[in-house]
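What follows is a short report on a single structure.
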Amino acid sequence: MILAEAEGAVPGWRLLIPLPQEIVWSLIFLVIFALVFMKFVLPRMNAVLDERAEKIEGGIRHAEKIQEQADQLREQQEQELAAARQEAAGIREKSRQDGQQIVDQAKSRAESESDRVLTAGRQQLSAERIAASTELRGEVGSLASDLASKIVGESLTDDERSRRVIDRFLDDLESNQSATR
Amino acid sequence: MGEFFPEALLFEGTWFEFNRVQLVRLIILAVVLIAMCLIASRSKLIPGRVQSVVELVIDFVNNNIIANTLGLKDGKRFAPMLITMFFFILSMNLAGVIPGLNLAGTSVVGLPLLLALWTFVTYVTAGVRKHGFLGYLKSETMPPGIPWPIYILLIPIELLQVVVIRWASLTIRLLANMVAGHMMIVVFIGMTHALLFSGGWLIAISPFAGAMAIGIYGFEIFVAALQAFIFTMLTAVYIQLATSDEH
């Protein structure tokens, strides 16, 4: 109904024929739009877009660089750690050797010391034995002479004779002793 | 039909006659340009929501239309024009579904025609600049690898194609889509209205007609974007055909 009336009023082909005022206004609008868009809006937007792209790229590059540095640092650290471990192992080994050496030294010193003490003891012992035997010899002599004089009576008080007797007795004793030994 | 030839509001009878269609265009122009200028001047490295949407559209034109047809090097040269064209057509098309405006800026022949002529001038200029005048005619009208008798048939067709058919088809495609869309909405809303007030059992059908009207409305939004895309895409393709070395 509406359409039919409109169809009657304006023939369809007129849609395709531009009127002068139509062209004029369209042109004005188009030119304004295009000018503002191409001269202001797009350059501004593109600048921002480019800047962002650049920034992102820069950021990525920066991150890569930092990653690289981190890798390097880690590697360095690992190397240092390995070196430190090696050093520690070396020190441990050396200290073990040193300890062994010290123990060996101490052992040998103790051995020599004990040898020394032993020989000294032996020497002292033999000296004392000699002294004792010498002393004993004198005492035994006098004891024996006293005993003998008590047994024999006064006869043996003559010193000269008693000494001869004693010496003979002792010599016998010694020879006896060496024979039994 | 009369809606496409509204009465004059200002300057009636002169070449500057200002009617409802021009008013719609002017409003859209002002709103879009002010909004875009605001967005552009406030655009930051970290985009806000609105800026993201605009950048999305620019990226869409850049990637899907320009990079795919013209390539990156040639594309840089024509990108401002194509992006402008896309935004202009899209906003003018969308005027058809904005309540209160209800008429696409591209649904009257002047605007599609001028846009198509802009395309025409651009691709001819680009072609002539690249191949020279005769070289350009030859590259457009005489595709290689065809026996010569065919050229007798082919040259007029190709010539007609380059000189008239391309921009005419661009104009008519855009115009007809917008006119048809508008008429569909009018028809369905009119039908809903008529059915609703018809009395009797026909009232029961009116909700379906209303639903159809809403469906068509949604469809028109899609068509608005689609036509903007097609127009820009074809412009890019024509430029590519004019500037390419071989077909």
### Query
Over the Cα atoms of the stretch B:96-247, Rg to Rh with Kirkwood Rh, two decimal places?
1.21
### Message
Averaged across orientations, what area in nm² does the convex hull of the alpha carbons in the stretch A:83-181 project?
### Response
10.1
### the stretch A:7-140: Cα Rg divided by the 2.2 N^0.38 Å rule of thumb
3.89
## Note on the structure
Highest GNM mean-square fluctuation among B:Met178, B:Met191, B:Met81, for chain B with Cα springs under 10 Å, belongs to B:Met191
### Query
At a Förster distance of 22 Å, what's the computed FRET efficiency of A:Glu139 paired with A:Ser178, Cβ-Cβ distance as r, to 0.05?
0.60
### Rounded to whole Hz, the Karplus (6.51, -1.76, 1.60) HN-Hα couplings of the stretch A:112-129, x for glycine and proline
5, 4, 5, 4, 4, 4, 4, 5, 4, x, 4, 4, 4, 4, 5, 4, 5, 5
### Query
Which three lengths, in whole Å and largest first, does the stretch A:26-84 cover when its Cα atoms are put on their principal axes?
82, 11, 6
### Cα centroid separation, the stretch B:23-80 to the stretch B:117-144 (Å)
28
### Message
Spelling out what I want: for every residue of the stretch A:27-33, take phi, set θ = phi - 60°, compute 6.51 cos²θ - 1.76 cosθ + 1.60 (Karplus), and round to whole Hz; glycine and proline get x.
### Response
4, 4, 5, 4, 5, 4, 4
### Summary
Each residue of B:36-45 has, on average, a number of other protein chain C-beta atoms within 10 Å of its C-beta equal to 5
### Query
Cα axis of helix B:166-196 to longest principal axis of chain B: angle in degrees, 0 to 90, nearest 10?
10
### Message
Under the 0.36 nm per residue contour assumption, what length would be gained going from the current alpha-carbon distance of A:Gln77 and A:Phe169 to full extension?
### Response
23.5 nm
### Task
Arrange B:Phe208, B:Phe86 by Cβ neighbour counts within 10 Å, fewest through most, would you?
B:Phe208, B:Phe86
### Query
Whole-Hz Karplus ³J(HN,Hα) for the stretch B:60-73, in order, using 6.51 cos²θ - 1.76 cosθ + 1.60 and θ = phi - 60°, x for Gly and Pro?
4, 4, 4, 7, 7, 9, 7, 5, 6, 9, 8, x, 6, 6
### Query
Counting GluC sites (Glu not before Pro) as exposed when in a DSSP loop with at most 15 other beta carbons within 10 Å, what is the longest stretch of chain B free of them?
B:13-245
### Query
Across every pair of different alpha-carbon atoms, what Kirkwood hydrodynamic radius in Å does the protein assembly as shown reach?
31.8
### Task
Quick one: angle between helix A:159-180 and the longest Cα principal axis of chain A, in degrees between 0 and 90, rounded to 10, please.
50
#### Entry: Rough spin-label spacing in nm, given labels placed 7 Å along Cα→Cβ, for B:Ala204 and A:Ile130
15.5
### Sparse-neighbour loop sites [GluC sites (Glu not before Pro); the stretch A:91-129; at most 14 other C-beta within 10 Å; DSSP]
none
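Just so you know, all these numbers are worked out from the coordinates, no wet-lab data involved. Nothing here was measured: the structure is a model prediction, and the numbers come from that model. All Cβ positions, glycine included, derive from the backbone under ideal geometry; neighbour counts span all protein chains shown.
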